[in-house]
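The values are calculated or read from the model by the stated rules, or taken from the named source; none is laboratory data. What you see is a predicted model, and the numbers here were worked out from it, not measured in a lab. Neighbour counts are summed over all protein chains in view; Cβ atoms, including those assigned to glycine, are modelled from backbone coordinates with ideal geometry.
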Ligand SMILES: NC(=O)c1ccc[n+]([C@@H]2O[C@H](COP(=O)([O-])OP(=O)(O)OC[C@H]3O[C@@H](n4cnc5c(N)ncnc54)[C@H](O)[C@@H]3O)[C@@H](O)[C@H]2O)c1
């Protein structure tokens with residue numbers, strides 16, 4: 001799967017999309033219509049937040065009759081677009097994905113697909129039965145350097161893959177923002193950390209291991225540090241009035257207020273003002289009253305801050321994955337792939353391959369043709385390539401352009417659920433042969 005994502009779609013009119021969930025991700029993917037109006041048109045938006053849907057309406061000149069407060073209302077109409085971009089919160093993926101697929105819309109669904117293995121399977125079944133394409137928001141699959149790793153493996157650069165070591169450093173303030181104070185802090189409201197944050201990474205490991213079946217998996221992890229018992233003496237419940245805020249690396253004043261004072265209004269500052277543009281006043285108000293002003297030791301967070309997963313794939317290939325909150329780097333993954341003929345290492349910027357026979361190293365970088373408007377989205381240009389591939393697939397009726405399609409994505413999601421089961425049950429999980437059962 002996955003041909004050259006820079007391929008220009010053959011089309012006579014733009015692909016018409018409906019955006020469901022006009023938050024951060026919905027807005028990013030919609031940018032594609034501003035950059036390539038001849039390829040994609042945003043024809044409708046649904047979001048209960050007036051600020052979010054109005055922003056998208058203005059950006060894309062959407063008529064009033066196509067602005068909805070909820071995705072259910074969109075489906076009351078006859079089909080009026082080619083595809084839907086489902087960018088709602090984690091627990092609101094399955095229902096719209098199944099319903100839009102049944103109505104004949106091609107589906108771009110944000111990751112994680114859904115929060116249970118059963119719901120993920122139901123989405124894939126609905127898309128297959130309805131004959132619509134499904135692309136899941138595994139943006140890293142579209143990162144040119146990560147794609148290069150797979151090309152090098154397939155070209156035999158390291159011989160047979162024997163072991164994969166992969167690290168996801170989430171970043172200390174990113175973790176505090178998203179997983180202690182923010183939307184993904186609490187499993188009952190969103191999903192567990194391995195699914196919410198690292199389903200990308202387990203998917204890559206599975207992909208690099210040749211999409212073989214995982215036979216056994218074990219996992220350990222917990223919430224460290226971000227708990228009441230670690231609250232420093234004298235700290236307040238909110239950073240704005242905390243006497244020791246200056247000594248705290250997780251201070252909301254540092255993460256948001258100092259940032260907006262320096263003129264930065266993008267992520268994460270824009271996230272904390274859901275009904276207005278961020279400025280010093282709105283950010284201060286958000287810290288005074290909203291969830292992002294809370295002391296990190298006084299939140300209702302319960303998702304793991306550090307987790308390891310060990311995997312054994314068919315044929316004896318092994319993999320070790322680590323996710324950790326407490327890092328300087330923000331999501332810049334580090335990978336080493338050990339093969340029978342060489343070692344490939346990736347530091348997030350460059351790939352180096354050491355050849356055991358010649359004892360020489362070669363370095364590889366990758367060119368990206370992404371538009372600058374996507375450069376600031378947090379995944380470099382991978383977001384651009386994902387939406388480009390999806391729109392090209394729909395325009396050309398060619399699902400092979402999608403690299404995060406139903407079958408492999410479902411298998412890697414199921415592996416994430418098995419890994420979490422191992423962590424919760426404290427035992428090695430022997431995975432079922434889902435592909436063949
Ligand atoms: N692919 C990636 O790398 C990546 C990165 C971040 C987030 N995500 C995932 O993308 C999804 C969206 O995340 P986000 O950061 O954009 O969140 P967000 O909170 O910015 O946006 C979600 C939007 O959905 C809207 N919404 C809620 N209920 C709705 C309904 N019934 N109908 C229509 N809209 C509704 C909310 O009002 C909000 O505007 C989540 O599942 C998240 O885990 C993926």
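Worth pointing out:
- Considering segment 14-34, the residues that are more than 9 Å from the ligand (Cβ to nearest atom) and not in a strand (DSSP E or B) include one that is surrounded by the fewest Cβ atoms within 10 Å (Cβ to Cβ), namely 34.
- Residues in segment 99-114 that are touching a residue at least 60 places away in the same chain (Cβ under 8 Å) and either outside any loop (DSSP other than H, G, I, E, B) or not assigned by TED's automatic domain parsing to the domain that holds residue 25 (or both): 100, 106, 108.
- Selection from segment 406-433 of residues that are in contact with a helix residue (DSSP H, G or I) (Cβ under 9 Å, 6 or more places away or on another chain), outside any helix (DSSP H, G or I) and at pLDDT below 95: 431, 432
- Answer residue from segment 115-154, given it is assigned to a loop (DSSP other than H, G, I, E, B) and at pLDDT 95 or above and is farthest from the chain's Cα centre (by Cα) among those: 131
- For segment 83-117, a residue qualifies if it is over 20 Å from residue 140 (Cβ atoms) and within 8 Å of the ligand (Cβ to nearest atom), and the qualifying residues are 88, 89, 92, 96.
- Number of the condition not met by residue 271 [criteria: (1) modelled with pLDDT of 95 or more; (2) crowded, with 18+ Cβ neighbours inside 10 Å]: (1)
- Out of 48, 37, sole residue that is near the ligand (Cβ under 9 Å from one of its atoms), out of contact with any helix residue (DSSP H, G or I) (no Cβ under 7 Å at 6 or more places or on another chain), at pLDDT 95 or above and part of a loop (DSSP other than H, G, I, E, B): 48
- Residues of segment 37-61 that turn out to be touching a residue at least 60 places away in the same chain (Cβ under 8 Å) and surrounded by fewer than 19 Cβ atoms within 10 Å (Cβ to Cβ), as a count: 3
- Residue within segment 263-271 that is outside any helix (DSSP H, G or I) and on the phi > 0 side of the Ramachandran plot present: yes
- Test for residue 354: is it in the same structural domain as residue 154 (by TED's automatic domain parsing), touching a strand residue (DSSP E or B) at 6+ places or on another chain (Cβ under 8 Å), assigned to a strand (DSSP E or B) and modelled with pLDDT of 95 or more: yes
- Counted residues, segment 69-82 - those being near the ligand (Cβ under 8 Å from one of its atoms) and either touching a residue at least 60 places away in the same chain (Cβ under 8 Å) or part of a loop (DSSP other than H, G, I, E, B) (or both): 2
- First in segment 85-98 and in contact (Cβ under 8 Å) with a residue 12 or more places away in the chain and in the same structural domain as residue 189 (by TED's automatic domain parsing), second anywhere and part of a helix (DSSP H, G or I) and surrounded by 20 or more Cβ atoms within 10 Å (Cβ to Cβ), Cβ under 6 Å, 6 or more apart: none
- Qualifying residue in segment 159-174 (condition: closer than 27 Å to residue 258 by Cβ, in contact with a helix residue (DSSP H, G or I) (Cβ under 9 Å, 6 or more places away or on another chain) and assigned to a helix (DSSP H, G or I)): yes
- Check on residue 128, more than 16 Å from the ligand (Cβ to nearest atom) and outside the structural domain of residue 194 (by TED's automatic domain parsing): yes
- Checked against (1) within 16 Å of the ligand (Cβ to nearest atom); (2) closer than 30 Å to residue 192 by Cβ; (3) at pLDDT below 95; (4) surrounded by 15 or more Cβ atoms within 10 Å (Cβ to Cβ), residue 376 passes all but condition (4).
- Only residues that are more than 29 Å from residue 374 (Cβ to Cβ) and free of Cβ contacts under 8 Å to residues at least 40 places away in the same chain were counted across segment 249-290, and they come to 5.
- Hey, residue 160 in contact (Cβ under 8 Å) with a residue 40 or more places away in the chain, assigned by TED's automatic domain parsing to the domain that holds residue 328 and either more than 13 Å from the ligand (Cβ to nearest atom) or more than 30 Å from residue 249 (Cβ to Cβ) (or both) or not: yes
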